[in-house]
1. Go ahead and collect, in residue order, the members of segment 141-184 whose backbone nitrogen is under 11 Å from a label point 7 Å along the Cα-Cβ direction of Glu108.
2. At 1.4 Å probe radius, can you tell me the per residue accessible area of segment 386-471 in Å²?
3. For labels at His174 and Asp149 in the simple 7 Å Cα→Cβ model, what's the distance in nm?
4. Between Ala397 and Asn429, what's the calculated FRET efficiency when r is the beta-carbon distance and R0 is 22 Å? Round to 0.05.
5. What FRET efficiency comes out for the pair Val658/Ser443, r = Cβ-Cβ distance, R0 = 30 Å, nearest 0.05?
6. FRET efficiency for Lys455 and Val14, Cβ-Cβ distance as r, R0 = 41 Å, nearest 0.05?
7. Could you work out how much longer the chain between Glu671 and Phe574 gets when fully extended? Use 0.36 nm per residue separation minus the Cα distance between them, nm to one decimal.
8. My understanding is that a pair violates if its Cα-Cα distance is over 19 Å; which of Lys191/Lys252; Lys252/Lys293; Lys125/Lys157 do that in this structure?
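The values are calculated or read from the model by the stated rules, or taken from the named source; none is laboratory data. All values reported here derive from a predicted model rather than from experimental measurement. With ideal geometry, Cβ positions are generated from the backbone for all residues, glycine too; neighbour counts draw on all protein chains shown. Ligands, DNA and RNA are excluded from the accessible area calculation, which covers all protein heavy atoms including side chains. Shrake-Rupley method; radii C 1.70, N 1.55, O 1.52, S 1.80 Å.
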Amino acid sequence: MASLEEEFTLSSVVLSAGSEGLLGVEQSSKADQFLVTDNGRTVILYKVSDQKPLGSWSVKQGQIITCPAVCNFQTGEYIVVHDNKVLRIWNNEDVNLDKVFKATLSAEVCRILSVQGTEPLVLFKEGAVRGLEALLAEPQQKIETVISDEEVIKWTKFFIVFRHPVLIFITEKHGNYFAYVQMFNSRVLSKYTLLFGQDENSVIESFTASVDRKFIALMSLSSDGCIYETLIPIRPTDPEKNRSLVRSLLFKAVVSGNTQHGVALTVLDQDHVAVLGSPLAASKECLSIWNIKFQTLHTSKELPQGTSGQLWYYGENLFMLHGRSLTVIPYKCEVSSLAGALGKLKHSQDPGTHVTPHFVNWETPQECGLEAQNSEPSRRIKDSEKHIEVELRKFLAIKQTPDFHTVIGDTVTGLLERCKAEPSFYPRNCLMQLTQTHVLSYSLCPDLMEIALQKKDVQLLQLCLQHFPDIPELVTCACLKIFLSIADDSLQETDVNMESVFDCSNSVHDEKMEEQTEILQNGFNPEEDKCNKCDQELNEKPQAKTKETTSCPVIPKRAALLNAILHSAYSETFLLPHLKDIPAQHITLFLKYLYFLYLKCSENATLTLPGIHPPTLNQIMDWICLLLDANFTVVVMMPEAKRLLINLYRLVKSQISVYSELNKIEVSFRELQKLNQEKNNRGLYSIEVLELF
């Protein structure tokens, strides 16, 4: 069931003569803030919850903004283009746009597109695309022509699919429409011709699109008042070939074909679309929400002052021009169920809204029992965080369902998509429960760790390291950076799994440490070594050494997180380059902790650590080698790392000496083995003398 809540005015808008509306409304780096670009010279930053502007910037008299301002989510800066070729970048502290960064480009810009998780893209009017960084490095670079003459870009959309940017833009030429899909991970540009089928005379008024793992679902609202859908493959079999795609009818007659100010269409979620326009030829303009799955009109709101035919949505807010005001209408789209589609669920409605179980076309059979719908948390992604958590807990209590793995996968995908769309939404408890089902892996939901890294959620990252067998080395190193850099005070307030940590608060007495020093030498006496400059330096201050080896250099909770790194799987070839990016002071801290663990292992005859699931000696030694291989030239220059390196030098030298002695003994044991094999040739009694050297 969908509902439109009470509208409120964000601001009054002064439109220039001949203007058809605003250039755009775009999300800022904060979920509650939006950039509004008028059709003239001004960009205004609004905070929706306070219903007030936070900042306003204008270009000079005589200049005109030619594409909507957007936010660079990587830097928090704003970007706009005026006079088609002049690009400006600024931040909240800047006052005058004439004094901010400026770059004059060699070709006219159509749109700047920006989404969370990647750098902004610049789409030129001739169809070429550039990343912002590459463009700023050489603003006057030659821009190629992609689309044909007289072909005009009508609509664009920017997605992130499998962590890779995907751009789609629609062009029109002499009444024919074409779709271009740009995959940036493979640099593949595919072109499609959109065929109308039987309605060849209709004109497309508005586009919208959603994306899943295989297809871009392109929806279009045509001049005949119908909504059509075209499925465009994300990964075409033959990218070089211009293929034709036929659209299919999705809704019939949702708006009148005679709307005075145009119509607008936008996808809200997988089950709902919002339509702006007049339902009948004589009626006033309305905003309506339709259910795609059950082909019904859920709710509508009259807009008596008329609109500009423009509609934007972010989070749970719809933006539009109502008369001379920029209006915000909050909406809610609940779980799609048969009872909700028929209007039989009880909901409190605003007096200005109408709920109508209006059927358009119901030809596709649906298997949609109400109990089955409510039992799957993947269908309740639009609910509140607490409600989702309750539904998920109920579902996890009964794992006998045959599609358990599928539902878990769909649920985590839906939650992560909403996290990216609504930065303020972060269902931490739900994500942790899903991670502990032993169903997920990194390859199934790569966005899970990406979002956890952005939030610095060390508890969720620890769970992922413990449960995911296929984490890339780059992500493992990103976790390590956070584990080493996060403040102790923040860690003390965090609940992490402490099973792998033993009680390292117990200090060892001085005399015991003196015995341990001899044990660590493994029978090797450094005094007998003629090249022991480092040993002499250590022996000058035995008390300092005792103190260093008896206390853990990190707090227990950080130790638990570092142990999760030690247990993770990796390939040395792929891990080493990323270890070089970790700051030297953090590498030194990690080495100190590993050396501490080595000393604790050496205290036991079994060379193991106490605890339920502690790191092994092999893991400790392997990571010491990895860190030194990747960072030795940096660490060796740090004065605070000098004593640590000397300790590690002694450790390695003692091990080499032990292995040297073992190699000598190995020869003797081989001889013993040979003699043992020949004993069958001896008599009943013999005396043998063996000399070991």
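1. Under cut-off, by backbone N: 150, 152-153.
2. Working: 3770 Å² over 86 residues.
The answer is 44 Å² per residue.
3. A separation of 1.2 nm, rounded to one decimal place.
4. On the way: r = 15 Å, r/R0 = 0.69.
That pair, Ala397 with Asn429, gives E of 0.90.
5. 0.10
6. Details: r = 40 Å, r/R0 = 0.99.
Given R0 = 41 Å and the Cβ-Cβ separation, E is 0.50.
7. 30.6 nm
8. In this structure, Lys191/Lys252 exceed 19 Å between Cα atoms.
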